[in-house]
Amino acid sequence: MSALIQVREATQVFGTRTIFRDVSFGIDQGEVFVILGGSGCGKSTLLKQMIGLLPPTAGEITVASYSVNTQVEEVRRHIGVMFQSGALFGSMNLQENVSLPLAVFTDLPKEACAEIARLKLGLVGLTEAASRLPSEISGGMVKRAAIARALALDPPILMLDEPSAGLDPVTSAGLDRLILGLRDSLGTTFVVVTHELASIMAIADRCAMLDAKAQGLIALGKPQDLKQTATDPTVRAFFHRETL
């Protein structure tokens, strides 16, 4: 069976600066796949390529057999995105935020959009917060609401950019459980960008590690295997929290 997402020799260059080159991997349906690495290695840049926000300088990325280079609208129909900050609209309550994609991209009546939004908020444990503004809830709740909005159109793939950033360990662990629960109950494929080691070990089926110095992919596999058997000093340092 072919991979749901296929990255083939993806390269990104800005002017004379190479962020990464020749990055290749596949992501299977139902996987939680983590893109990790130190700051400045190109994690979020690669995610933007996969979403279709940033055309690769070279290489090809396909999502559900659609090319991000030439079929970006079809690609985006298969993807829901949670940005690092949550990116909720501050003037809208949570139900209105989650309803927005339905209002824009479907012909459903307003009442149906609102009911679906309530159901999605229920999936992330925010039923009672539907009428609150983003400024009235915690950072962890903002992240959950952003995931609910990403689920609004029932995409088979969710892409999360630093979902644990700025969260305390307990809240972060709760978000990890939510991701695994959604994968198990909905069959959703997750692509998660993070450098949070605890989350990586808790949720990742496989991971790809980028490195700024190497300008590309330096490790690919199950996080437990990389922690135990990796010989690359950068990979070992990351998984064992050591200095180089």
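The values are calculated or read from the model by the stated rules, or taken from the named source; none is laboratory data. Since the structure is predicted, the reported quantities are computational estimates derived from the model, not experimental observations. Every residue, glycine among them, receives a Cβ derived from its backbone with ideal geometry; neighbour counts consider all protein chains shown.
Is one or more of the residues making up the range 59-78 modelled with pLDDT under 95, surrounded by 15 or more Cβ atoms within 10 Å (Cβ to Cβ), within 15 Å of the chain's Cα centre (by Cα) and in a loop (DSSP other than H, G, I, E, B)? Within the range 59-78, one or more residues are modelled with pLDDT under 95, surrounded by 15 or more Cβ atoms within 10 Å (Cβ to Cβ), within 15 Å of the chain's Cα centre (by Cα) and in a loop (DSSP other than H, G, I, E, B). Taking the range 152-207 as the range and being over 15 Å from the mean Cα position of the chain (by Cα), under 23 Å from Ala64 (Cα atoms) and buried (at least 19 other Cβ atoms within 10 Å of the Cβ) as the test, only Ala152 passes. Here Gln228 does not fit the description of being without any contact (Cβ under 8 Å) to a residue 24 or more places away in the chain, outside any loop (DSSP other than H, G, I, E, B) and touching a helix residue (DSSP H, G or I) at 6+ places or on another chain (Cβ under 8 Å).
Against the criterion of being outside the structural domain of Val191 (by TED's automatic domain parsing), part of a loop (DSSP other than H, G, I, E, B) and either under 21 Å from Ala202 (Cα atoms) or at pLDDT 90 or above (or both), Arg144 does not qualify. Picking from residues in the range 88-143 that are hydroxyl-bearing (Ser, Thr, Tyr) and closer than 25 Å to Gly166 by Cα, the one that is nearest to the chain's Cα centre (by Cα) is Ser138. A single member of Leu175, Leu133 is farther than 20 Å from Gly52 by Cβ, in the same structural domain as Gly38 (by TED's automatic domain parsing) and touching a residue at least 24 places away in the same chain (Cβ under 8 Å), and it is Leu175. So, Leu210, is that one assigned by TED's automatic domain parsing to the domain that holds Phe33, touching a Cys at 6+ places or on another chain (Cβ under 6 Å), surrounded by 15 or more Cβ atoms within 10 Å (Cβ to Cβ) and within 25 Å of Ala64 (Cβ to Cβ) or not? For Leu210, the condition - assigned by TED's automatic domain parsing to the domain that holds Phe33, touching a Cys at 6+ places or on another chain (Cβ under 6 Å), surrounded by 15 or more Cβ atoms within 10 Å (Cβ to Cβ) and within 25 Å of Ala64 (Cβ to Cβ) - is met. Looking at Ala103, Ala87, just one residue is assigned to a helix (DSSP H, G or I) and either surrounded by fewer than 16 Cβ atoms within 10 Å (Cβ to Cβ) or free of Cβ contacts under 8 Å to residues at least 12 places away in the same chain (or both), and that residue is Ala103. Count of the range 187-205 residues, restricted to those that are out of contact with any Pro (no Cβ under 8 Å at 6 or more places or on another chain), outside any helix (DSSP H, G or I) and either more than 20 Å from Ile19 (Cα to Cα) or acidic (Asp, Glu) (or both), is 3. Can you find a residue that is among the hydroxyl-bearing types (Ser, Thr, Tyr) and assigned to a helix (DSSP H, G or I) anywhere in the range 150-165? Checking the range 150-165: not a single residue is among the hydroxyl-bearing types (Ser, Thr, Tyr) and assigned to a helix (DSSP H, G or I).
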